[in-house]
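Note sheet for the following structure.
The values are calculated or read from the model by the stated rules, or taken from the named source; none is laboratory data. Owing to the predicted nature of the structure, the values given are computational and were not obtained by experimental measurement. Because the Cβ atoms are built from the backbone with ideal geometry, glycine has one as well, and the counts that use them run over all protein chains shown.
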């Protein structure tokens, strides 16, 4: 494991699994690419890069693994308040920035796809932004876009809402579980996930972003197995040494998220089996391999650090750009062959925005909060 610590970490953080940080960046960029392609599909069955949404499940598994590694042995010296303070400082500044970016670009997204935007007064949009700062979910009745999202200014924030739930469950209850009890929890939630994927109406885990019974059900299914599966993995495995781990893990992540839809509307269970294998077998294997390798050479270390540092900012700020691109594509009926230069610009802009937010907002704000609320009290 590398002796380096990411610039996004606390000064007293444990040494990071540098490849896992980098893989989070690889997956985050794949999410942006997926959303660009998604703009041009007509259904879940004709998406070119189809499984990019599984990056969310990969993020949950990574989070469970990293939290187990970082905090499982600290509870004798750390209170619940200290844990939650650390997690809020790590995650929440960029949640606020994501909502601000969403508000700035909101009225650029007026289109036939979202006519409600043109009818939304500024005060209501700003109220939704301020409410979004808390990450509390909006009900469909408070929708200002038309997609019934719990965070209509910044759609991906739904997964951070569940990330917070996972952190709360871990800190209050699950951290106290023995490995046997945790294994039972992971087994039960894994069976529930497989059952949903194989017998459900769509054969996929797409969903979780709306505060409706069906969407909340999907959200918890997507959270519970990966998050606590990652925690269990951090407890029961001991990383070894795997050469070229970053290369192989990156290829596996890219391949897993790029595979076209398996089967069709009459055989959705086939895609359910694929996603079950990816989430329950392949993703844990990738995390174990990533934890068992190191980045060799100055170039690899620099790239890995860059990918790790921008991973969270790019995920939480890119979607307002995607909304804007989607509105333009749908209103002008632009095909992918015509729009690809603009799609590439969306990807480059998303990475650039993430880096700017990281350097000029996220790192300084979290440093100030850390100095004020953690180290000043020591």
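Specify the residue that is surrounded by the fewest Cβ atoms within 10 Å (Cβ to Cβ); the eligible residues are those in segment 214-253 that are assigned to a loop (DSSP other than H, G, I, E, B) and touching a helix residue (DSSP H, G or I) at 6+ places or on another chain (Cβ under 7 Å).
By that ranking, first place goes to 237.
For residue 108, indicate whether it is under 22 Å from the mean Cα position of the chain (by Cα), in a helix (DSSP H, G or I) and farther than 17 Å from residue 313 by Cα.
So residue 108 does not fit the description; no.
Can you find a residue that is at pLDDT 95 or above, part of a helix (DSSP H, G or I), farther than 15 Å from residue 93 by Cβ and touching a helix residue (DSSP H, G or I) at 6+ places or on another chain (Cβ under 9 Å) anywhere in segment 354-362?
yes
For residue 299, all conditions in the list (1) part of a helix (DSSP H, G or I); (2) within 17 Å of residue 23 (Cα to Cα); (3) touching a residue at least 12 places away in the same chain (Cβ under 8 Å) hold save one; what is the number of the exception?
(3)
If I ask for residues that are at pLDDT below 70 and closer than 18 Å to residue 243 by Cα, which ones from segment 1-26 would you list?
1, 2, 3 - these are the residues of segment 1-26 that are at pLDDT below 70 and closer than 18 Å to residue 243 by Cα.
With respect to residue 129, determine if the residue is part of a helix (DSSP H, G or I), in contact with a helix residue (DSSP H, G or I) (Cβ under 7 Å, 6 or more places away or on another chain), modelled with pLDDT of 95 or more and under 30 Å from residue 332 (Cβ atoms).
Spelling it out, residue 129 is indeed part of a helix (DSSP H, G or I), in contact with a helix residue (DSSP H, G or I) (Cβ under 7 Å, 6 or more places away or on another chain), modelled with pLDDT of 95 or more and under 30 Å from residue 332 (Cβ atoms).
Do we have any residue at all in segment 44-51 that's on the phi > 0 side of the Ramachandran plot and either surrounded by fewer than 16 Cβ atoms within 10 Å (Cβ to Cβ) or modelled with pLDDT of 95 or more (or both)?
For segment 44-51, residues on the phi > 0 side of the Ramachandran plot and either surrounded by fewer than 16 Cβ atoms within 10 Å (Cβ to Cβ) or modelled with pLDDT of 95 or more (or both): absent.
Specify the residue that is nearest to residue 107 (Cα to Cα); the eligible residues are those in segment 327-341 that are part of a helix (DSSP H, G or I) and touching a helix residue (DSSP H, G or I) at 6+ places or on another chain (Cβ under 8 Å).
Top of the filtered list is 327.
What number goes with the only condition from (1) on the phi > 0 side of the Ramachandran plot; (2) buried (at least 21 other Cβ atoms within 10 Å of the Cβ) that residue 297 does not pass?
Failed condition: (2).
Taking the condition of being over 17 Å from residue 97 (Cβ atoms), free of Cβ contacts under 8 Å to residues at least 60 places away in the same chain and surrounded by 13 or more Cβ atoms within 10 Å (Cβ to Cβ), how many residues in segment 122-144 meet it?
Selection size over segment 122-144: 4.
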